[in-house]
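> Before I ask anything, here is the structure I am working with.
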Amino acid sequence: MKIRAHALAGIALAATAALSLAACGDGTASPATTGTASADAATKVAGEITVYNAQHDTLTKEWVDAFTKETGVKVTIRQGSDSELSNQIIQEGAASPADVFLTENSPAMAQVENAGLFADIDKATVAQVPAEYRPSTNKWTGIAARSTVLVYDKTKISDDKLPKSMLDLAKPEWKGRWAASPSGADFQAIVAALLEQKGEAATTEWLKGMKDNSKAYKGNSTAMKAVNAGEVDAALIYHYYYYGDQAKTGENSSKVTPYFFKNQDPGAFLSVSGGGVLKSSKNAAAAQAFIKFITGKQGQEVLKNGTSFEYAIASSVDSNAKLVPIKDLQAPTVDPAKLNSSKVTDLMTKAGLL
């Protein structure tokens with residue numbers, strides 16, 4: 001009984017001390033409730049998560065290493081393409097071992113969302129990402145972005161002869177002069193945005209002109225190399241292929257220049273890379289913390305200071321200083337949740353591009 005009395009006294013003393021600490025000060029919260037998001041995550045999550053990753057493996061590894069260092073959560077990465085992994089998740093359904101899905105482009109995210117397999121993103125994470133860089137549904141969120149550009153050979157195309165719009169590339173004067181990678185998720189995202197902006201009839205017509213005028217290559221880098229080698233005058237790709245090559249040797253981009261269409265043109269489309277948490281996650285708290293981390297200041301600074309040359313879009317972090325500022329791109333407004341990958345595949349197949 002004496003031991004019990006001492007124990008009760010100890011509990012009472014601890015409770016009194018806790019109340020005193022809560023009451024002291026000027027009404028501000030204690031450090032435990034006002035710490036950084038990363039410190040908050042470190043105290044609340046543990047265990048392991050599996051990330052199905054269609055983003056560049058080097059970029060995701062930087063995010064994962066920083067997150068694990070911060071939280072202690074072990075992350076297993078399964079690498080694949082946008083469509084490969086989205087289809088796999090849909091096939092696996094509620095039995096999917098994936099906790100998190102990351103993509104390069106939005107259509108694969110919309111595909112998984114439409115299958116009803118994403119959990120809602122935590123409100124604190126949504127608040128870190130401006131509305132233009134996430135779907136209206138908030139079933140997933142933007143984590144980075146890449147801009148459509150036309151890389152061209154300045155010795156073959158003078159500034160006054162550049163197309164005013166991406167749609168001009170379907171005109172007869174561009175026959176045999178430009179390249180693209182129609183089989184890739186990057187290009188199909190551009191077409192999905194065109195479909196959302198201009199409708200099926202205009203998209204069908206443009207794809208017909210593309211079939212007549214363009215040369216198909218496997219991959220954006222290969223298309224850019226073709227311009228650099230003089231095989232074609234221009235190529236429609238994403239911006240970071242040019243900046244990434246310039247940051248290395250420049251051997252595949254030494255003779256090309258990026259042209260930004262701007263003016264809310266379909267060719268100024270800014271493709272949002274996505275991140276989402278699966279309903280089937282066995283460690284939802286850690287999965288949500290991971291998405292919060294990569295859209296937070298520390299995660300976005302990986303984009304700013306690294307060599308991916310993708311645009312930072314969240315937590316008010318500026319992008320890499322070598323890039324055209326994101327506000328100057330004058331990109332059209334497109335809801336990523338409405339990008340229809342299956343319809344795009346149908347239209348491109350009918351046009352003979354796939």
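The values are calculated or read from the model by the stated rules, or taken from the named source; none is laboratory data. Bear in mind the structure is a predicted one, so any value in this text is a computation, not a measurement. Don't worry about glycine lacking a Cβ; one is built from the backbone with ideal geometry, like all the others, and counts go over all protein chains shown. To get the accessible areas, we keep the full protein, side chains included, count just its heavy atoms, and leave off ligands, DNA and RNA. Shrake-Rupley method; radii C 1.70, N 1.55, O 1.52, S 1.80 Å.
> Looking for whichever is free of Cβ contacts under 8 Å to residues at least 40 places away in the same chain and of a type outside the set (Ser, Thr, Tyr) here; the options are GLY72, GLY142, GLY93. Which one fits?
GLY72
> Applying the selection to region 290-335, what residues are small (Gly, Ala, Ser) and within 17 Å of the chain's Cα centre (by Cα)? Lay out the reasoning, then the answer.
Initially, region 290-335 is screened for residues small (Gly, Ala, Ser), giving 296, 299, 306, 308, 312, 314-316, 319, 321, 331.
Those that are small (Gly, Ala, Ser) and within 17 Å of the chain's Cα centre (by Cα): GLY296, GLY299, GLY306, SER308, ALA312, ALA314, SER315, SER316, SER319, ALA331.
> Counting just the residues of region 42-56 that are modelled with pLDDT of 95 or more and of a type in the set (A, V, I, L, M, F, W, C), which one comes out most open to solvent (accessible area, probe 1.4 Å)?
Here the answer is ALA46.
> Right, here's the next one. Suppose we filter THR222, THR204 for residues that are hydroxyl-bearing (Ser, Thr, Tyr), in a helix (DSSP H, G or I) and open to solvent by 60 Å² or more (accessible area, probe 1.4 Å); which single one remains? Working first, answer last.
Numbers: THR222 fails: open to solvent by 60 Å² or more (accessible area, probe 1.4 Å).
Of the residues listed, the single one that is hydroxyl-bearing (Ser, Thr, Tyr), in a helix (DSSP H, G or I) and open to solvent by 60 Å² or more (accessible area, probe 1.4 Å) is THR204.
> Here's another thing I want to ask about it. Has region 310-324 got at least one residue that is surrounded by 17 or more Cβ atoms within 10 Å (Cβ to Cβ), touching a helix residue (DSSP H, G or I) at 6+ places or on another chain (Cβ under 9 Å), without any contact (Cβ under 8 Å) to a residue 60 or more places away in the chain and assigned to a loop (DSSP other than H, G, I, E, B)?
Applying the first criterion (surrounded by 17 or more Cβ atoms within 10 Å (Cβ to Cβ)) to region 310-324 yields 310-315, 317, 319-320, 323.
Adding the requirement that they be touching a helix residue (DSSP H, G or I) at 6+ places or on another chain (Cβ under 9 Å) leaves 310-315, 317, 319-320, 323.
Subsequent filtering for residues that are without any contact (Cβ under 8 Å) to a residue 60 or more places away in the chain retains 317, 319.
Applying the additional criterion that residues be assigned to a loop (DSSP other than H, G, I, E, B) yields 317, 319.
Among the residues of region 310-324, at least one is surrounded by 17 or more Cβ atoms within 10 Å (Cβ to Cβ), touching a helix residue (DSSP H, G or I) at 6+ places or on another chain (Cβ under 9 Å), without any contact (Cβ under 8 Å) to a residue 60 or more places away in the chain and assigned to a loop (DSSP other than H, G, I, E, B), which makes the answer yes.
> A follow-up question, please. In this structure, does SER38 turn out to be of a type in the set (S, T, N, Q), at pLDDT below 95, in a helix (DSSP H, G or I) and more than 21 Å from THR125 (Cβ to Cβ)? First the steps, then the outcome.
Numbers: of a type in the set (S, T, N, Q): yes; at pLDDT below 95: yes; in a helix (DSSP H, G or I): yes; more than 21 Å from THR125 (Cβ to Cβ): no.
So SER38 fails the test.
> So how many residues does region 267-277 have that are more than 14 Å from the chain's Cα centre (by Cα) and either in a loop (DSSP other than H, G, I, E, B) or surrounded by fewer than 24 Cβ atoms within 10 Å (Cβ to Cβ) (or both)?
Total satisfying the criteria: 1.
> Please verify whether PHE290 is closer than 14 Å to VAL51 by Cα and among the aromatic types (Phe, Trp, Tyr), treating the condition exactly as stated.
Taking the combined requirement at face value, the residue satisfies it.
> Of all residues in region 332-354, how many are at pLDDT 95 or above, small (Gly, Ala, Ser) and open to solvent by 30 Å² or more (accessible area, probe 1.4 Å)?
Residues flagged as at pLDDT 95 or above, small (Gly, Ala, Ser) and open to solvent by 30 Å² or more (accessible area, probe 1.4 Å) within region 332-354 amount to 1.
> OK, next. Looking at ALA287, is it of a type in the set (A, V, I, L, M, F, W, C), out of contact with any helix residue (DSSP H, G or I) (no Cβ under 8 Å at 6 or more places or on another chain) and not in a loop (DSSP other than H, G, I, E, B)? Working first, answer last.
Working: of a type in the set (A, V, I, L, M, F, W, C): yes; out of contact with any helix residue (DSSP H, G or I) (no Cβ under 8 Å at 6 or more places or on another chain): yes; not in a loop (DSSP other than H, G, I, E, B): yes.
Answer is yes for this residue.
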